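The values are calculated or read from the model by the stated rules, or taken from the named source; none is laboratory data. From a predicted model like this one, the values you see are computed outputs, not experimental measurements. Note that each Cβ is placed from the backbone with ideal geometry, even for glycine, and that neighbours are counted across all protein chains shown. Note: areas computed on protein heavy atoms with side chains; ligands, DNA, RNA excluded. Shrake-Rupley method; radii C 1.70, N 1.55, O 1.52, S 1.80 Å.
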Amino acid sequence: MSGPLASERTVMDFFLGLPLGWAIAALFSGAMIRSNTTYWLGRGVAAGARRTRLEKYADSQLMRRAEAMTARFGPVAVTLCFLTVGLQTAVIGSSGIVRMPLRRFLPAVIVGSLIWAVVYATIGLAAIAAWFALILASPGAAVGAAVAVAVVVLFLVKRRATRHHAVGADDGDAPAGRERLVERLQR
């Protein structure tokens, strides 16, 4: 077998062949390298913006409030982002952009990376191995399973949006969600 599927399979086989402790250590190291690189890239973007016409926005009152909020609540977001798919880079990069203090960032990223490594080394790799086995055994069944998962996710998202909309309608004219946060940040 050749192509991207074969190379992913080889990497996965490597981690599945390691003793659990070594797999966790290797995944933890990778997560730490990736997250710290992303953080420092965000810091670089922020420093670069301060040397351009964007300086007035980078040093605005809103940005200072965002930095204060991130310094206070950001570590929780950084730790929890490791339990998501697709948000890790955004949350960690944003932490760098708003210059989250290292004394808060590093403990959060260490805990998050450890959680991610343990989950990925145990449940995550087994799920990926099962998915690849299903693809190889029956591509049609793999497509059916993917469609079923997508339908369930769409149903849950739609249901949550409907509930959220119903709750927002009860508040009358009060701003909801993002608008409320923006109003608080602008004060």
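Residues of region 105-162 that are of a type in the set (Phe, Trp, Tyr), more than 30 Å from ALA68 (Cβ to Cβ) and either under 21 Å from the mean Cα position of the chain (by Cα) or open to solvent by 80 Å² or more (accessible area, probe 1.4 Å) (or both): TYR120, TRP131, PHE155. Note on region 37-112: enclosed helices (runs of 4 or more DSSP H) holding 2 or more residues that are modelled with pLDDT of 80 or more and over 30 Å from VAL153 (Cα atoms) are 88-97. Can GLY42 be described as open to solvent by less than 70 Å² (accessible area, probe 1.4 Å) and either more than 14 Å from PRO101 (Cβ to Cβ) or among the acidic types (Asp, Glu) (or both)? The answer is no for GLY42. Among the criteria (1) modelled with pLDDT of 85 or more; (2) over 25 Å from ALA130 (Cβ atoms), the one ALA26 does not fulfil is (2). Based on what the data block shows, is ILE92 of a type in the set (A, V, I, L, M, F, W, C) and within 20 Å of GLU67 (Cβ to Cβ)? When the stated conditions are applied, ILE92 passes them. Take the conditions (1) over 19 Å from the mean Cα position of the chain (by Cα); (2) within 14 Å of ILE110 (Cα to Cα); (3) among the basic types (Lys, Arg); ARG34 misses just one of them, which is (1). In region 93-104, of all residues being open to solvent by 50 Å² or more (accessible area, probe 1.4 Å) and not β-branched (Val, Ile, Thr), the one that is farthest from PHE14 (Cα to Cα) corresponds to ARG99. PHE28 - would you say it is hydrophobic (A, V, I, L, M, F, W, C), under 21 Å from LEU106 (Cα atoms) and loosely packed, with under 13 Cβ neighbours inside 10 Å? No; evaluated as a whole, the condition is false for this residue.
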